[in-house]
1. With a 1.4 Å probe and every protein chain kept in, tell me what percent of the accessible surface of the chain is carbon plus sulfur.
2. Could you tell me which of rounded, prolate or oblate describes segment 1-138, using a ≥ b ≥ c as the square roots of the eigenvalues of the alpha-carbon gyration tensor, with rounded for a/c under 1.5 and, failing that, prolate when a/b is larger than b/c and oblate otherwise?
3. Would you list which lysines come within 19 Å of Lys222, measuring only between C-alpha atoms, while excluding same-chain residues fewer than 8 positions from it?
4. Would you be so kind as to identify which of Asn106, Ser177, Gln137 lies farthest towards the positive end of the dipole of segment 70-181, taking Lys and Arg as +1 and Asp and Glu as -1 on Cβ and the Cα centre as origin?
5. Between Asn253 and Phe435, what is 0.36 nm times their sequence separation minus the Cα-Cα distance? Round to one decimal in nm.
6. Enter the accessible area per residue of the chain (Å², integer; probe 1.4 Å; all protein chains in place).
7. So what's the net charge close to Arg534: Lys and Arg +1, Asp and Glu -1, counting the other residues with Cβ under 13 Å from its Cβ?
8. What's the angle, to the nearest 10 degrees (0 to 90), between helix 254-263's Cα axis and the longest principal axis of the chain?
Amino acid sequence: MKKSDIPAATQLFTTDWVVRYMVDNSLGKYYLERHPDSNINASLEFLLPNHLIPVVENQKLQNYTLIDNAMGSGHILIYAFDLFLQFYQEQGYTKREAAHLIVENNLYGLDIDKRAFQLAYFSLMMKVREYDRHAFQSNIKPNLFYFEDVNGVSDEFYQRLEAINPSLTEQIKELVSIFSDAREIGSIIQIDHDCPINDLIKLVQGIKINDELDLYKIDESKAKILKMFKIIQVLLQKYDVAVTNPPYLNKFNPQLKKYLKKYYKNYSRDLFSVFIYHNANMIKPDGYAAFMTPFVWMFIKSYEELRTEILDTKKIDSLIQLEYSAFEEATVPINTFVLKNTKNNTDTGIYLKLSDFKGGMEIQKDKVLEAISDPNCKYLYRSNQTNFQKIPGSPIAYWASDNLIHDFEVGCPMDSLVTPKVGLQTGDNNKFLRFWNEVNYQKIKFDANNHYEAKISEKKWFPYNKGGAYRKWYGNYDYVVNWENDGKDIKNDKLFRLSIGKILASNSKPKNEGYYFREAITWPKITSGKFNARFRKKGSIHDTAGNEAFSDNHNLLIYITGFSCTNVCNYILSILNPTINVQVSDFGNIPIIEKKQHYINKNVCKNINYSKTDWDSFEISWDFQHHPFLNHIAEHNLSPPYFMVFWELLCQFCAKSKHKI
């Protein structure tokens, strides 16, 4: 992603009711905790029904601060302005007085896009103008800023600074170096909190221009650095409330990637996760940080360190998980949530699970309002976040029952009984994969019992497990892979591509070869929301889309297959990872409590055999013999009439098509 493209690629308009939810449950709640007798809650339409803990504090209203550090066109700031206005009116201020105080003291905004900044600046000034006709003639200046790369500071300017204070000049040079890519890094720039910013400002302000022509661009350099200092002051400040819809971006250019790895290593998978961590740590004690982000951070393993950080140091005060495709602005599953900067984990958070209500954001809005009017509705949950850490990976599984939490505490993790593994990535499926009926049947090795037997085989094609469609117990034997000479062609494909000068090399990755051709439990990585598992007999290679779990204990594999095909297993996986991708780590975290294995295995084997019979009843199976309808015809009546009918039909076909038999 080029620097100039990042603003356009990451700007998404935040739905109005989500803005109101975020601000009502952060800024609105912050005010109500300090003013428990206030009547403001009547106007907070999206304040969730959670109890308030009064805070005794004498903080002046002018000192309340809210920041949106990815402000875009200022949608969040404008609604926050309206809410602040009600606060001030309740405290006895006129609207005119309040408008000026809000813009000068309460609201802060940052963005990397100058055009977005201009829209936000215009919108906020028009709000002031609504309550003060002379606003444009006053010297009012909103605390809104956009990032610019700081380049071209003249050497002569540095020389003048060094003549006054060499030590502070070096610090200014370091800051200028950091801000040389400010348009790309933006609000997540890390500034040392010990930075003597006031001393630096005084030093730069003291520089005077000696000649009118300003041949050495002293004035230009001074203006650049003073503007940089204003942004640094905003970055160094702690806020009562931070509300934002951060950018969603996970493809970085090398420079940004290096910066994220240096300062946000554990949270650098996506920019939104960096913002979650960053904003959660820029608020004051008992302050609030509100977000609208993809909900993958709640479940996926790569965000586990972010979850751990939040659960250890913050409180999830409220969260709304939206229906998977409700947000029309982007093809990402969304949630919106509010964190409180407190370690008080004895209090419960409030959660809304809207995943079952389809129809877009308006339907989601109506369901939120219904939950507020009826806190006993079935999709509103109250949960203590300490329960999440009892589940492997600490998913934000707020709807998990106490019994299920107990199962995680006493059960054995699945990966302590079986070994889940990913398999072969060919790098070019078009080249190395075929349906089994597309190749010479005699060149397929169907019965390899182990890796060594396949290695010395003269066959070219071997059964390949690619996941496939939804199917339980047995089946989806569709593909074969070119594994001749122990996969020589696949392993050498990358070298071949490089040798002929192609820019894009193959991504072939033969992983875990020691597990090839073993019997296993298999499931498709992409489940479309419903998990399905099958028993896979010996003789196959599995790939990255057809994950498998292995054990030398055949009876244990049968038992685990049985459990994997239950609704209970599907429900547990919906807690561990409710996305459409089930990773090997998710499967490995399922708790198992072994009971009545012998009795259960007898029924599992029956189901596997039934499913195998069904699979082999059609021509898609390489073990197909004849159509199942013919199973009910006696053997002595089957052969002559069957072949006579076939012969007659064949003759009719050839006559019509003018072919000879």
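1. Values: 16180 of 32020 Å².
Carbon plus sulfur share of accessible area: 51 percent.
2. Oblate, since a/c reaches 1.5 and b/c is not below a/b.
3. Candidates past the 8-residue exclusion: Lys173, Lys202, Lys208, Lys230.
4. Toward the positive end, the furthest listed residue is Gln137.
5. On the way: separation 182, 0.36 × 182 = 65.52 nm, distance 3.90 nm.
Contour length minus the Cα-Cα distance gives 61.6 nm.
6. Numbers: 32020 Å² over 661 residues.
So the chain comes to 48 Å² accessible per residue, rounded to a whole number.
7. Working: positive: Lys466, Arg471, Lys472, Arg536, Lys537, Lys612; negative: Asp478, Glu519, Glu548, Asp614.
Combined, the nearby Lys, Arg, Asp and Glu give +2.
8. Its long axis makes an angle of about 70 degrees.
The values are calculated or read from the model by the stated rules, or taken from the named source; none is laboratory data. Bear in mind the structure is a predicted one, so any value in this text is a computation, not a measurement. No Cβ is skipped: glycine too gets one built from the backbone with ideal geometry, and neighbour counts run over all protein chains shown. The accessibility values were calculated without ligands, DNA or RNA, using every heavy atom of the protein model including side chains. Shrake-Rupley method; radii C 1.70, N 1.55, O 1.52, S 1.80 Å.
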